[in-house]
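Colleague: Structure provided below as C-alpha cells; questions to follow.
The values are calculated or read from the model by the stated rules, or taken from the named source; none is laboratory data. Note that this is a predicted model, so its numbers are computed, not measured. Cβ coordinates were reconstructed from backbone atoms using ideal geometry, including for glycine residues, and neighbour counts include every protein chain displayed.
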Amino acid sequence: MVERFGVTASGREVHRVTLQEGPLAARVITFGGALQDVRLEGLQHSLTVGSPDISAYEGPLAHCGTIMGPVANRIAGARATIDGIECRFERNFLNAHTLHGGGGAFHERVWELVDHSGRHATLVLVAPDGEGGFPGTRRVEARFEIADRTLSLTL
C-alpha cells in the first residue's frame, strides 16, 4: 500500500509504502529511503526509531533509518584521489571534512518509488555528476523486501 506521508519543508511530497508478510510489517518512506517503522505481530512497539511526522526526518531523526551516502562517514580533508584525479568535496563537517557527502547527501533527498507490491518496494535516486564534488552520475537503487519472515535491503 502506498500513501501520502507528508511534505518536506522545501515542498516535496513524500510517500510511505507498507510491506507485509505474515507477522512482519515494515514501512518505508521516500524521504531518505528511510525505514520508518517495523512491526512484529504481538509486540506493541516499533522495532525501529521512527516518527509519523516528516519534519522529524528533517530534524532530530535525520540519521534514523535513512540511507547514508554517497559516503557513509567522513572524508578527511574533504578530498580524495579517484582514478588518478584529485577530487575536492563539500566541506560540511567542522568546515574541514565531508560528512555523508555534503548537501546532496542521500538521507536528505526524496527518492523515487519505481516499483512496489505488498512485499517489496524499490526506490531510486540519481545523483548528478559533480554534486558535492563527486565525479560521475550515480544511480542508486534500494530494494526493501519481506520474504520468508525476513526484511532485507539490497543496495
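Colleague: Under the condition of being β-branched (Val, Ile, Thr) and surrounded by 15 or more Cβ atoms within 10 Å (Cβ to Cβ), which residue from the stretch 112-155 is nearest to GLU86 (Cα to Cα)?
Modeller: Going through the qualifying residues, I end up with VAL140.
Colleague: Separate question: If you take the residues of the stretch 136-155 that are in contact with a strand residue (DSSP E or B) (Cβ under 6 Å, 6 or more places away or on another chain) and part of a loop (DSSP other than H, G, I, E, B), which of them is farthest from VAL14 (Cα to Cα)? Please lay out each step first, then the result.
Modeller: Residues of the stretch 136-155 that are in contact with a strand residue (DSSP E or B) (Cβ under 6 Å, 6 or more places away or on another chain), as a first pass: 138-146, 149, 151-155.
If we keep only those that are part of a loop (DSSP other than H, G, I, E, B) as well, we get 149, 155.
Numbers: ARG149: 27, LEU155: 20 Å.
Checked the stretch 136-155; the qualifying residue farthest from VAL14 (Cα to Cα) is ARG149.
Colleague: Please count how many residues of the stretch 26-45 are surrounded by 19 or more Cβ atoms within 10 Å (Cβ to Cβ) and either among the polar types (S, T, N, Q) or on the phi < 0 side of the Ramachandran plot (or both).
Modeller: We begin by selecting, within the stretch 26-45, every residue surrounded by 19 or more Cβ atoms within 10 Å (Cβ to Cβ); these are 26-38.
Filter again for either among the polar types (S, T, N, Q) or on the phi < 0 side of the Ramachandran plot (or both), leaving 26-31, 34-38.
Within the stretch 26-45, residues that are surrounded by 19 or more Cβ atoms within 10 Å (Cβ to Cβ) and either among the polar types (S, T, N, Q) or on the phi < 0 side of the Ramachandran plot (or both) number 11.
Colleague: Related question: Would it be correct to say that LEU47 is free of Cβ contacts under 8 Å to residues at least 12 places away in the same chain, of a type in the set (A, V, I, L, M) and either farther than 21 Å from SER117 by Cα or touching a Cys at 6+ places or on another chain (Cβ under 8 Å) (or both)?
Modeller: Answer is yes for this residue.
Colleague: Filter the stretch 92-111 down to the residues that are crowded, with 18+ Cβ neighbours inside 10 Å, touching a Leu at 6+ places or on another chain (Cβ under 7 Å) and hydrophobic (A, V, I, L, M, F, W, C) and list them by number.
Modeller: Scanning the stretch 92-111 gives PHE106, TRP111.
Colleague: Do we have any residue at all in the stretch 47-60 that's over 17 Å from the mean Cα position of the chain (by Cα), crowded, with 16+ Cβ neighbours inside 10 Å, under 27 Å from ARG139 (Cβ atoms) and among the hydrophobic types (A, V, I, L, M, F, W, C)?
Modeller: No, the stretch 47-60 has no match at all.
Colleague: Here are the criteria: (1) surrounded by fewer than 17 Cβ atoms within 10 Å (Cβ to Cβ); (2) of a type outside the set (Asp, Glu); (3) more than 30 Å from ARG4 (Cβ to Cβ); (4) touching a helix residue (DSSP H, G or I) at 6+ places or on another chain (Cβ under 7 Å). Tell me which single one PHE89 does not satisfy.
Modeller: Condition (1) is where PHE89 drops out.
Colleague: Which members of the stretch 94-125 meet the condition of being among the hydrophobic types (A, V, I, L, M, F, W, C), closer than 27 Å to ALA147 by Cα and either in a strand (DSSP E or B) or over 12 Å from the mean Cα position of the chain (by Cα) (or both)?
Modeller: Correct list: VAL110, LEU113, VAL114, ALA121, LEU123, VAL124, LEU125.
Colleague: Could you run through the stretch 9-24 and say how many residues are surrounded by fewer than 17 Cβ atoms within 10 Å (Cβ to Cβ) and in contact (Cβ under 8 Å) with a residue 24 or more places away in the chain?
Modeller: Total satisfying the criteria: 6.
Colleague: Same structure, new question: Please give the number of the condition GLY77 fails out of (1) modelled with pLDDT under 95; (2) under 20 Å from the mean Cα position of the chain (by Cα).
Modeller: The single condition GLY77 does not satisfy is (2).
Colleague: Check whether at least one residue in the stretch 43-64 is farther than 26 Å from PRO128 by Cβ, touching a helix residue (DSSP H, G or I) at 6+ places or on another chain (Cβ under 9 Å) and not in a loop (DSSP other than H, G, I, E, B), and report yes or no.
Modeller: No, the stretch 43-64 contains no residue that is farther than 26 Å from PRO128 by Cβ, touching a helix residue (DSSP H, G or I) at 6+ places or on another chain (Cβ under 9 Å) and not in a loop (DSSP other than H, G, I, E, B).
Colleague: Out of the residues in the stretch 65-74 that are surrounded by fewer than 16 Cβ atoms within 10 Å (Cβ to Cβ) and part of a loop (DSSP other than H, G, I, E, B), state the one that is nearest to the chain's Cα centre (by Cα).
Modeller: Taking the stretch 65-74 as the starting set, the residues that turn out to be surrounded by fewer than 16 Cβ atoms within 10 Å (Cβ to Cβ) are 72-74.
From what is left, the residues that are part of a loop (DSSP other than H, G, I, E, B) are 72-73.
Numbers: ALA72: 11, ASN73: 14 Å.
That would be ALA72.
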